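Working notes, beginning with the structure itself.
The values are calculated or read from the model by the stated rules, or taken from the named source; none is laboratory data. On a predicted model such as this, the values are computed, not experimentally measured, just so you know. Cβ: placed from backbone, ideal geometry, glycine included. Neighbour counts: every protein chain shown.
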Amino acid sequence: MQPRPKYQVFISSTYGDLRDEREAVTWAILSARHIPAGMENFTATDDRGWETIKSVIDRSDYYVLILAGRYGSVYRRGKSWTEKEYEYAVLRNIPVLAFIRAKRSIRADAMDEDSGLRAKLEGFKRKVRDRHLCREWDERADLVAEVSNALSNHIRDDEQGGRQRPGWYRGDELSSLQNFDFAEPVEGFIAEAIQLDNTGPVYCYAFSLDSRLALTGGRDKAVRLWDLETRRCVRLFEGHGKAVECISWSADQRCVLSASDDRTVRRWDVKTGRCLSVLDGHTGDVWSVAWSPDQRYACSGSGDHTVRLWDLEAGTCVSILEGHKDYVSSTEWSPDQSWVLSGSEDCSVRLWDVEKKQCLRVFEGHDSPVYCAKWSPDQSRVLSSSDDGSVRLWDVETGQCLRIFEGHTTYVVSVAWANDGRHFLSGAEDGSVRLWDVETRECLRIFEGHTADVRCVEWGADQHHAISGDAKGRIRRWDLTEATK
């Protein structure tokens, strides 16, 4: 008799308002002899918990999403854990079964009071309805019946249609593993691996031009300067009241800018570690900051949906650029300093005229938040990376999307152009670094070795090496000599 698998079903929902419904669905799945899984046993503020949640979703065969009147606990980037889990399941191609409670059945005390959270919930529901056939429910019994029927039908259709999910088998039900195909990992060319002794998760990196020094910032509120030869922290910059989200070297590498969830940007002297100025004005967490090429100005992006331009000598805000509809996660000056580029959680990239203080172009096409946007060396093109797992290439003059680069299995945090404009690097939450050919869209090499999401990737000064850092404080140097020939 052919053994039948048990399928693992990940249950995702807000917890407090749907605790009873979640428990009832869990028992229904167990009664059907399948394996329920979820995140209720993990701390919603723990980055290590998120790594565990991802691994559980990766091993799940189906994903059940239950929504009602609350958006749920918010992750540090302004997105709920429930939405984050959902988007990860979509990126991993896990079949999604969605169940949304009818508004008429939601009690007033089970709805978000905050208007911002209500708006995010409605946007989340629209996204789910656009992608999936959603089933509506009123009471707990209705939900259990809907989940049981939908799951049973989906499993049957997948098995009969040749799309059977892997499932789980008892070891004594399998006579051998000879029919299993274990794929060989793609090998990268790793030159060096470095572990930094951080005191918590690392949110951002910035590497010196010669790749001998690294700046890190993270949840512990401090900026650290590391000597990568000795692997020691040689300078500690303290003063921020909350997590550090972004750091940036000045062109002469004498100063550093840091952006924080405490709503400020700080300018530091690298030699002394002294804070030279505090740029205060944003009304939301500051997620990005960048120096102007002449080092006289800075641009910053925030959770208040604005981009601000700062006079560093005076320590004052000289422009507030408004237009984004969600958190601004990336900012960068153009090489000639006439424009500023910004990427946002509203899924768009905007091009701003610094002198006129106007938005000249909106690059739209990503269907998930944009995390990074970078100018090409000749300023004619832009790369943007997104939560949708893709990198897009844009024409600055026309605003047209020229190419889409796909291959990462989760959101892409960082991109970096080669000096020749013919190649770029990308780093993602899937732990990989990829090298791309801009013209052919070909992924030339996949570099694997990180065990956490890659927060930054940059080219070495000689353009024959790359350097990347992950959330656990691990830095990798990669040899690109053969890959770029």
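Residues that are buried (at least 20 other Cβ atoms within 10 Å of the Cβ) and either touching a Gly at 6+ places or on another chain (Cβ under 6 Å) or not in a loop (DSSP other than H, G, I, E, B) (or both) within the stretch 265-289 comprise V265, R266, R267, W268, L279, D285, V286, W287, S288, V289, listed in sequence order. Tallying residues that are over 16 Å from T264 (Cβ atoms), surrounded by fewer than 21 Cβ atoms within 10 Å (Cβ to Cβ) and in contact with a strand residue (DSSP E or B) (Cβ under 8 Å, 6 or more places away or on another chain) within the stretch 312-321 yields 2.
Consider the stretch 48-99 and keep the residues that are of a type in the set (S, T, Y) and closer than 29 Å to Y169 by Cβ. The one that is farthest from the chain's Cα centre (by Cα) is Y62.
When the test is whether a residue is of a type outside the set (A, V, I, L, M, F, W, C), out of contact with any Cys (no Cβ under 8 Å at 6 or more places or on another chain) and either crowded, with 18+ Cβ neighbours inside 10 Å or within 30 Å of L236 (Cβ to Cβ) (or both), G343 does not pass it.
Taking the criterion of being in a strand (DSSP E or B), surrounded by fewer than 19 Cβ atoms within 10 Å (Cβ to Cβ) and out of contact with any strand residue (DSSP E or B) (no Cβ under 6 Å at 6 or more places or on another chain), the only residue of the stretch 191-235 that qualifies is R232. Scan the stretch 239-276 residue by residue and report those that are under 20 Å from W291 (Cα atoms) and among the charged types (D, E, K, R). Of everything in the stretch 239-276, those that are under 20 Å from W291 (Cα atoms) and among the charged types (D, E, K, R) turn out to be E245, D252, R254, D261, D262, R263, R266, R267, D269, K271, R274. When the stretch 315-355 is filtered for residues that are basic (K, R) and assigned to a strand (DSSP E or B), only R350 remains.
Note on the stretch 39-139: enclosed strands (runs of 3 or more DSSP E) holding 1 or more residues that are at pLDDT 90 or above and under 24 Å from C347 (Cα atoms) are 62-67, 96-101. A count restricted to the stretch 321-352 and to residues that are touching a His at 6+ places or on another chain (Cβ under 6 Å) and of a type in the set (G, A, S) stands at 1. L360 satisfies every condition listed in (1) hydrophobic (A, V, I, L, M, F, W, C); (2) buried (at least 16 other Cβ atoms within 10 Å of the Cβ); (3) closer than 26 Å to Y297 by Cα except (2). Note on the stretch 152-186: residues that are over 34 Å from the mean Cα position of the chain (by Cα), modelled with pLDDT under 50 and surrounded by 10 or more Cβ atoms within 10 Å (Cβ to Cβ) total 1.
From the list W436, W459, the lone residue that is farther than 22 Å from D388 by Cα, more than 19 Å from the chain's Cα centre (by Cα) and hydrophobic (A, V, I, L, M, F, W, C) is W459. Residues in the stretch 341-389 that are among the basic types (K, R) and either touching a helix residue (DSSP H, G or I) at 6+ places or on another chain (Cβ under 9 Å) or under 30 Å from S80 (Cβ atoms) (or both): R350, K374. Of the strands (runs of 3 or more DSSP E) contained entirely in the stretch 376-485, those carrying at least 3 residues that are touching a residue at least 60 places away in the same chain (Cβ under 8 Å) and touching a strand residue (DSSP E or B) at 6+ places or on another chain (Cβ under 9 Å) fall at 443-448, 454-459, 465-470, 474-479.
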